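To keep things clear, I will list the structure first and then write my remarks on it.
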Amino acid sequence: MNTLSDWLAHCERLHPKSIDMGLARVQEVAQRLNIRFECPVFTVAGTNGKGSTCAMLEAILSDAGYRTGVYTSPHLVHFEERLRLQGEPVSAERLVQALARVEEARTQGGAEVSLTYFEFTTLAILDVMASSSLDAVILEVGLGGRLDAVNIIDPDCALITSIDLDHMELLGPDRESIGREKAGIMRAGRPVIVSDPLPPQSVLDHAAAIGADLWRFGHDFNFSGDKQQWGWAGRGRRYGGMAYPALRGANQLLNASGVLAALTALRERLPVTAQAVRNGLSLAALPGRFQIIPGQPTLVLDVAHNPHAVAALTANLDAMGFFPTTHAVFGAMADKDLAPMLAKINPLIDRWYFTDLPTPRASSGADLLATWQTHHRRDNASASAHASPEEALQAALARADPADRIIVFGSFFTVGGVLKDGVPRLQAKHLST
């Protein structure tokens, strides 16, 4: 195994399940590797908003001069995107070296430990971060929180973003159950930032039960704003007259408010200036989160893949103003709750382009089309099925007029499929003749 692709293929073959909830196996290998951090650690859980929260934390801390490491998942195009060191994706070479160390530790003394793909790769990424002389570590939870592999690391500050229905077969049937899983990243006596305006009672109860230092949106911190600027107030600190974050979307002020609360909670260990806050929020970037790419037609990329995220995407699209026709490239995993996803956004979409995705977990474009035709068909809308996101995008472009917009959403695989050769700059057919 000489290349990153070789190693990732090896990781996929090791365990009979893609997801095996539990920390015992991954903790054992982490102990063999002696993974530990001397710097502050932020762990971020939630249904939506995790990636944006990590990106804003990273941008502010980087502008303040700190050496940051950020672990997020999944990736859009290249696996190396999952670890950013001082703002740059990790090299494949460093990952290969770390994966080899994990394999050696996993099989140490003949006491072989079975690891899933996510567990194996998470250990490798943590190993790289632990040897990178970082000032701040930011870890995004992959699934849930309590039993997610990143939860082997004790955070100095936990952040919980929105909580809604997703992965219910693993996390539970309702918000209370899901909230209980996400609350598992809290630690006794340490701050936990809850930026969901209406958190499940299970989150609040767990914070009280273990004695965590709860910072709750609307109680311990809040924001206000008008069309030009916004301000934040929390325990002992205020920021006023700030420009809106570079990351677009209606929920980004909630995410930004949670970030400012976390930085305030750890200000003695990681002090940041008001200017670093302003600069960081204005520079934070994250592909595929309501990413608007100018062109003719306009292209919008969003990894929204559950009902809560699609509702936010719908509100953001509605706020963009008038477009004669809206085209949607859509691909999704088979286990997603498609009915509310499609129902929410369907009134805005005039032409659908359903697509296959390069993973066995996905619904086929034909199945998505059939679901739409059965439950959500509109007399004045049309739909078709395609073999890949790239083909679906080309089909949309062929039918689009310059003043239209094309939305690509439903999965990281959907957005990644149109980004794999770089960010597309669209030109409607009349512009290329």
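Miscellaneous remarks
- Boolean, GLU112 is part of a helix (DSSP H, G or I) and more than 16 Å from the chain's Cα centre (by Cα): no
- Checklist (1) within 17 Å of LEU299 (Cα to Cα); (2) surrounded by fewer than 17 Cβ atoms within 10 Å (Cβ to Cβ) applied to ARG378, failing item: (1)
- Where ALA385 falls short, out of the listed (1) of a type in the set (Gly, Ala, Ser); (2) crowded, with 23+ Cβ neighbours inside 10 Å; (3) closer than 21 Å to PRO347 by Cα: (2)
- Residues in segment 287-325 that are assigned to a helix (DSSP H, G or I) and in contact with a helix residue (DSSP H, G or I) (Cβ under 6 Å, 6 or more places away or on another chain): PRO307, VAL310, ALA311, THR314, LEU317.
- Within segment 189-199, considering residues that are at pLDDT 95 or above and surrounded by fewer than 20 Cβ atoms within 10 Å (Cβ to Cβ), the one farthest from CYS54 (Cα to Cα): GLY189
- Those residues of segment 243-259 which are of a type outside the set (Gly, Ala, Ser) and either surrounded by fewer than 20 Cβ atoms within 10 Å (Cβ to Cβ) or assigned to a helix (DSSP H, G or I) (or both), in sequence order: TYR244, ARG248, GLN252, LEU253, LEU254, ASN255, VAL259
- Boolean, SER132 is in a helix (DSSP H, G or I), surrounded by fewer than 22 Cβ atoms within 10 Å (Cβ to Cβ), touching a residue at least 12 places away in the same chain (Cβ under 8 Å) and out of contact with any His (no Cβ under 7 Å at 6 or more places or on another chain): no
- Scanning segment 58-107 for residues that are of a type in the set (Lys, Arg) and more than 21 Å from THR359 (Cβ to Cβ) turns up ARG67, ARG84, ARG94, ARG101, ARG106.
- Odd one out for ALA262 among (1) free of Cβ contacts under 8 Å to residues at least 60 places away in the same chain; (2) surrounded by 21 or more Cβ atoms within 10 Å (Cβ to Cβ); (3) part of a helix (DSSP H, G or I); (4) not polar (S, T, N, Q): (1)
- Qualifying residue in segment 384-401 (condition: hydroxyl-bearing (Ser, Thr, Tyr) and either at pLDDT below 95 or in a helix (DSSP H, G or I) (or both)): no
- Here the condition is being in contact with a Pro (Cβ under 8 Å, 6 or more places away or on another chain), surrounded by fewer than 22 Cβ atoms within 10 Å (Cβ to Cβ) and either assigned by TED's automatic domain parsing to the domain that holds VAL408 or over 30 Å from ASP379 (Cβ atoms) (or both); of PRO294, PRO324, PRO340, it holds for PRO340 alone.
- Residue in segment 193-211 that is in the same structural domain as LEU95 (by TED's automatic domain parsing), of a type in the set (D, E, K, R), out of contact with any His (no Cβ under 8 Å at 6 or more places or on another chain) and free of Cβ contacts under 8 Å to residues at least 60 places away in the same chain present: yes
- Residues being in contact (Cβ under 8 Å) with a residue 12 or more places away in the chain and under 17 Å from THR122 (Cβ atoms) - total across segment 74-91: 9
- Complete set of residues in segment 367-399 that are out of contact with any helix residue (DSSP H, G or I) (no Cβ under 9 Å at 6 or more places or on another chain), within 16 Å of LYS336 (Cα to Cα) and either aliphatic (A, V, I, L, M) or not assigned by TED's automatic domain parsing to the domain that holds PHE413 (or both): LEU369, ALA370
- Residue within segment 200-214 that is of a type in the set (S, T, N, Q) and surrounded by fewer than 19 Cβ atoms within 10 Å (Cβ to Cβ) present: yes
- Selected residue (only one of LEU348, LEU369 is over 26 Å from GLN296 (Cα atoms) and in contact with a strand residue (DSSP E or B) (Cβ under 7 Å, 6 or more places away or on another chain)): LEU369
- Among the residues making up segment 156-184, those that are aliphatic (A, V, I, L, M) and either at pLDDT below 85 or part of a loop (DSSP other than H, G, I, E, B) (or both) are ILE163, LEU165, MET168, LEU170, LEU171.
- Qualifying residue in segment 401-409 (condition: within 22 Å of ASP335 (Cα to Cα), of a type in the set (Lys, Arg) and in the same structural domain as HIS305 (by TED's automatic domain parsing)): no
- Taking the conditions (1) crowded, with 24+ Cβ neighbours inside 10 Å; (2) under 23 Å from ARG269 (Cα atoms); (3) in contact with a Gly (Cβ under 9 Å, 6 or more places away or on another chain) in turn, LEU126 satisfies each one other than (3).
- Against the numbered list (1) touching an Asp or Glu at 6+ places or on another chain (Cβ under 6 Å); (2) closer than 23 Å to ILE178 by Cα; (3) not aromatic (Phe, Trp, Tyr), MET341 comes up short only at (1).
- ALA366 under 26 Å from the mean Cα position of the chain (by Cα), surrounded by fewer than 20 Cβ atoms within 10 Å (Cβ to Cβ) and of a type in the set (A, V, I, L, M, F, W, C): no
The values are calculated or read from the model by the stated rules, or taken from the named source; none is laboratory data. The structure presented is a predicted model; accordingly, all values stated were derived computationally and were not measured. Note: ideal-geometry Cβ built from the backbone for every residue, glycine included; neighbour counts use all protein chains shown.
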